[in-house]
């Protein structure tokens, strides 16, 4: 792939590995808005390297395909004027599909649903009524989610 952002990611990860002791079982991607869409791209193109994903107000580009089941926390706003919720929902559905989360979801908090996966790669969706925002509780939820998932 000739994508400069993916090349940057590859160089950045290689540089971090040279300078720091990196636990390859605990490499994650998280992002908001365009950052979430880039995290979906990383899932599609570098999914085997990453343990889990946290995606806030983003979507998977229609040209990309998820190929690797990975745990995902997906946060979206139903009243998002920048990114229609239907686009966010389509990406959530694709994440659930690749992770084979066919069992009914289980409530796990206000607006949150936990979808178990037989491969240990659950999808958690948290839907709020706000617009295009990074909810104040999102950072701590992401950290706690990542603590639970490693390769």
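The values are calculated or read from the model by the stated rules, or taken from the named source; none is laboratory data. Everything quoted here is computed from the prediction, not taken from an experiment. Here the Cβ is made from the backbone with ideal geometry for all residues, glycine too, and neighbour counts use every protein chain on show.
Report whether or not residue 68 is modelled with pLDDT of 95 or more, under 20 Å from residue 146 (Cβ atoms) and in a strand (DSSP E or B).
On the way: modelled with pLDDT of 95 or more: yes; under 20 Å from residue 146 (Cβ atoms): yes; in a strand (DSSP E or B): no.
No: the conditions fail for residue 68.
What number of residues within the range 1-35 are over 19 Å from residue 121 (Cβ atoms) and part of a loop (DSSP other than H, G, I, E, B)? Even if it seems obvious, please write down each step before you answer.
Step one: of the range 1-35, the residues over 19 Å from residue 121 (Cβ atoms) are 1-22, 32-35.
After this cut, where a residue has to be part of a loop (DSSP other than H, G, I, E, B) as well, the list is 1-3, 20-22, 33.
Total satisfying the criteria: 7.
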Failed condition for residue 108, given (1) surrounded by 14 or more Cβ atoms within 10 Å (Cβ to Cβ); (2) more than 18 Å from residue 34 (Cβ to Cβ); (3) over 12 Å from the mean Cα position of the chain (by Cα); (4) in contact (Cβ under 8 Å) with a residue 40 or more places away in the chain, with all others met?
(4)
Residues that are at pLDDT 95 or above, within 11 Å of the chain's Cα centre (by Cα) and farther than 29 Å from residue 16 by Cα: does the range 74-91 have at least one?
yes
Which residue, of 125, 113, 121, is over 21 Å from residue 78 (Cβ atoms), surrounded by 12 or more Cβ atoms within 10 Å (Cβ to Cβ) and in contact with a strand residue (DSSP E or B) (Cβ under 6 Å, 6 or more places away or on another chain)?
121
Please pick out the residue among 49, 55, 83 that is part of a loop (DSSP other than H, G, I, E, B) and surrounded by 19 or more Cβ atoms within 10 Å (Cβ to Cβ).
83
Can you tell me which residue in the range 129-151 is surrounded by the fewest Cβ atoms within 10 Å (Cβ to Cβ), limited to those that are touching a residue at least 24 places away in the same chain (Cβ under 8 Å) and over 19 Å from residue 39 (Cβ atoms)?
129
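Return the only residue of 28, 40 being in contact (Cβ under 8 Å) with a residue 40 or more places away in the chain and closer than 16 Å to residue 151 by Cα. It would help to see each step written out before you state the result.
Working: 40 fails: closer than 16 Å to residue 151 by Cα.
That would be 28, the only listed residue that is in contact (Cβ under 8 Å) with a residue 40 or more places away in the chain and closer than 16 Å to residue 151 by Cα.
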